[in-house]
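Following: one structure in structure tokens, then a few remarks.
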Amino acid sequence: MSDSSSSTSGPWADAWMQMQRHYWDAWSDLTKRAADSGAPKKAAPDATSWTQGLDYWSKMIAPVIPSESRAWVDKILEMNQSYARMGELLWQAVSAGPDTGQNLTSWWEGVTRAVQEMQKKASSAAPAAGNESWNGFATLWGLPLDHWSRVTSACSLFPGDMSKALHDLNAARRSDALPDFLSGWLSTPTLGYTRESQEEVQRLGQCLLDYQKAMQDYSGVLSGVVARAAELLREKATERVGQGDAFESVRECYNLWVDCGEEAYAEICASDAFTRSQAAMTNALMALKRQEQSMIDEALSALNMPTRRELDTSHRRVHQLQRRVWKLEEALNASGIAELRAEMEALRTELAAVRSTAPAPASTRRAAKAKDET
Amino acid sequence: MLRPDQIVQELTEFNRKVAAGIGALGQIGDIDVGASEKDPVYQEDKVILYRFRSRTADPAKVPLLIVYALVNRPYMADLQEDRSMIRGLLDQGLDVYLIDWGYPDGADRYLDLDDYLNGYLRRCVDFICREHKLPSLNLLGICQGGTFSLCFSAMHPDKVLNLVTMVTPVDFHTPDNVLGRWVRDLDVDLMVDTLGNVPGELLNWSFLSLKPFRLTGQKYIDMADIFEDPVKLKNFLRMEKWIFDSPDQAGEAYRQFITWFYQENRLVAGGLRIGDHAVDLRRITMPLFNVYATEDHLVPPAASIALEQHVGTKDYTTMAFKGGHIGIYVSGRAQKDIPRGVADWLKARMP
């Protein structure tokens with residue numbers, strides 16, 4: 001969260017406070033509904049921060065959003081938060097000096113400081129993909145690793161966000177000694193009656209370490225994107241300012257940032273280092289999940305419950321049978337039997353029609369006459 | 001020069017729009033997709049063959065079958081009334097069929113490319129030919145569906161009168177193919193053996209990761225500008241629905257597609273065999289119309305353009321559409337150019 005106390009003492013503090021009032025007015029309708037619904041009251045937000053205000057509001061509003069809509073509301077708020085954060089930094093930068101808004105050079109110095117600040121925040125957040133500061137900056141800095149952690153949390157044994165769940169382990173790996181210690185422990189010979197299950201647990205541990213290492217490597221490659229994007233932003237913005245063409249809006253600055261981000265990302269994402277690290281991360285996750293499955297299957301087997309292996313076997317057999325049916329049907333069609341059957345059916349229909357219109361045989365006529373006489 | 005009071009105003013206005021937008025989104029209701037009337041005419045397992053209702057008095061005698069990709073849903077070609085390639089084709093007097101591959105589940109994980117191409121697709125083609133008492137039809141393949149159409153035409157050339165491919169990858173190893181580079185070191189066997197079917201979310205991650213800043217950040221910021229326009233907002237949400245409406249991929253088909261096409265590039269390098277059939281692009285001797293998008297970030301133009309040098313046909317036409325992989329279906333210019341271009345080309349080659 002930004003520290004805006006120094007900048008709010010400038011001539012623009014009133015405007016900021018006024019903006020906050022407008023801002024709260026804009027949310028008031030939905031917020032009122034939240035209050036009416038009996039949602040717990042929060043402490044009043046710090047009026048000097050956009051992002052704190054947004055955070056406060058999103059907590060207030062959460063209870064009135066139907067659960068099926070919460071995902072997209074969260075998404076919008078998250079985007080809004082990131083955008084507001086950029087605006088906040090820019091605001092701090094351009095309102096800090098006494099002649100802000102008058103002198104292009106001092107204005108640009110302020111903006112440059114803001115860009116550096118953004119880069120610093122991103123760089124410090126990047127290595128720890130699971131922590132809050134990273135997620136908060138995700139839309140501007142954290143992609144696509146943030147997106148990856150969301151996707152993979154759905155195919156992991158661990159509930160919720162996997163990278164969060166393993167954050168402590170991730171942090172531990174950063175010390176030099178611990179990984180070796182853990183790896184050593186994980187390769188200790190196993191003994192006794194439960195040696196096989198001990199080996200399975202060791203394998204799982206090793207897979208976890210490998211996945212964490214792969215994620216860290218990938219994150220490391222990605223962190224170059226942020227630095228390069230910020231560098232490009234400074235270059236392009238400096239060029240514009242040199243031509244007397246300064247930013248006229250936050251959106252313009254944001255759009256330029258996105259362009260620079262894409263450009264920096266495009267340079268890196270086709271490189272061998274990126275390609276290898278991304279594939280390694282995916283492969284490591286699959287290996288981890290495979291090991292999880294194997295252990296779960298063992299447990300299910302012990303409980304006499306159906307396992308993944310059994311299901312796979314059943315599906316394979318059903319598929320093999322289905323293929324045989326398809327082939328038999330094709331052979332049947334090719335042999336012309338279907339046509340013969342259709343022809344026979346047509347003849348039957350024709351015969352029935354002929355019978356219904358033809359005069360009845362003499363014996364039938366006699367029987368009918370006798371019946372009439374009685 | 002950006003002034004602090006401007007920032008204040010801009011962010012205030014932005015927040016006002018977002019606040020209003022959350023309310024608007026809550027009221028917008030269902031997001032309907034699929035503009036043209038159609039009837040299911042053949043079904044097998046989860047695969048449904050649709051026939052679109054004609055919009056002209058005397059539609060073409062040889063029908064057109066659209067083969068879409070397994071990835072994402074085919075309604076992209078018929079998203080809404082004013083953004084529908086299919087509607088455009090119908091208005092041009094074509095008789096249009098479409099295969100909907102459905103959503104594979106665990107029981108479908110062993111379906112492979114032989115099942116899809118020599119099974120479902122061939123039976124759909126046979127059904128249509130039987131219904132129309134024709135030996136062959138016109139085939140239009142989109143994206144991965146285009147690759148499938150090429151394979152099918154090479155394996156069963158007698159069943160395809162004319163072939164149209166749109167934004168279709170052919171050479172998977174062109175230098176600008178980022179997706180192709182990304183999967184080269186992927187252990188596909190481990191992935192399929194582990195996951196069975198490959199989740200659609202995982203594929204979405206790959207596609208969105210091609211342009212992460214734009215596709216997962218900027219477009220939602222831009223959404224604030226259309227919050228107060230219900231028509232534009234619905235259009236945006238339709239597209240959003242399509243992007244994330246990603247079926248899981250049948251495991252064996254995915255394994256084969258990634259290994260044979262992306263990793264080994266067999267379609268052009270040779271050695272591709274699907275089921276009992278060798279796939280040799282030189283057997284494609286029917287007229288071929290290849291449409292690619294010049295700004296395509298998923299299927300780079302070079303990956304499509306390569307087709308010409310590998311096929312056996314002497315009647316090869318190419319069309320460059322100025323736009324991206326999605327714009328080729330939904331942009332305003334596409335509505336005018338693509339259906340008319342396809343229909344004119346087909347009509348000149350139909351009896």
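When a footprinting reagent is the concern and you count Cβ atoms within 10 Å, what order do B:Ser206, A:Ser106, A:Ser335 take, fewest first?
Exposure proxy ranking, most exposed first: A:Ser335, A:Ser106, B:Ser206.
Where does the charge balance sit around B:Asp315 when Lys and Arg score +1, Asp and Glu -1, over other residues with C-beta under 15 Å from its C-beta?
Local net charge: +3.
Please report A:Glu267, A:Glu262 as a ranked list, fewest other C-beta atoms within 10 angstrom at the top and most at the bottom.
A:Glu267, A:Glu262
Apply the Karplus curve 6.51 cos²θ - 1.76 cosθ + 1.60, θ = phi - 60°, to the phi angles in the range A:243-250 and return the couplings in whole Hz, x for Gly and Pro.
Each residue of the range A:243-250 in turn: 8, x, 10, 8, 5, 10, 7, 5 Hz.
Can you sort A:Ser187, B:Ser153 so the residue with the fewest Cβ neighbours within 10 Å comes first?
In order of increasing Cβ crowding within 10 Å: A:Ser187, B:Ser153.
Within 10 Å of each Cβ in B:203-213, how many Cβ atoms from other chains are there, averaged over the peptide?
Mean number of neighbouring Cβ atoms from other chains: 6.
Can you list the HN-Hα couplings for the range B:303-317, worked out from phi with the Karplus curve (6.51, -1.76, 1.60; θ = phi - 60°), rounded to whole Hz and with x for Gly and Pro?
Using θ = phi - 60°, the values come out as 5, 8, 4, 4, 3, 3, 7, 10, 9, x, 5, 9, 10, 10, 10 Hz.
Residues with amide H under 5 Å of B:Lys38's amide H, sequence separation 5 or more or different chain, H placed in the peptide plane at 1.01 Å from N; which?
It is B:Arg53, by chain and number.
How far apart, in nanometres, would the label points at B:Ala278 and B:Lys322 be if each is projected 7 angstrom from Cα along the Cα-to-Cβ direction?
Going from the B:Ala278 label point to the B:Lys322 one covers 4.4 nm.
So if I place +1 on the C-beta of Lys and Arg and -1 on the C-beta of Asp and Glu, and nothing else carries charge, what would the dipole magnitude of the range A:252-374 be about its Cα centre? I want it in debye, nearest 20.
Magnitude of the dipole: close to 1540 debye.
Can you list the aspartates and glutamates whose alpha carbon is less than 13 Å from that of A:Lys327, not counting same-chain residues fewer than 8 positions off?
B:Asp114, B:Asp115, B:Asp276
What trypsin sites (Lys or Arg not before Pro) does the range B:259-351 have in DSSP loop regions with at most 12 other beta carbons within 10 Å?
Sites meeting the loop and neighbour criteria: B:Lys314.
Out of every Cα pair in the range A:310-353, what percent are spaced more than 17 Å from each other?
55 percent
At a temperature of 37 °C and a viscosity of 0.692 mPa s, determine how fast chain B diffuses translationally according to Stokes-Einstein, using the Kirkwood radius over alpha-carbon pairs as Rh; express D in µm²/s, rounded to the nearest whole number.
Calculated translational D: 154 µm²/s.
Values in this text are rule-based calculations from the coordinates and carry no lab data. Model, not experiment: these values are computed from the prediction. Cβ coordinates were reconstructed from backbone atoms using ideal geometry, including for glycine residues, and neighbour counts include every protein chain displayed.
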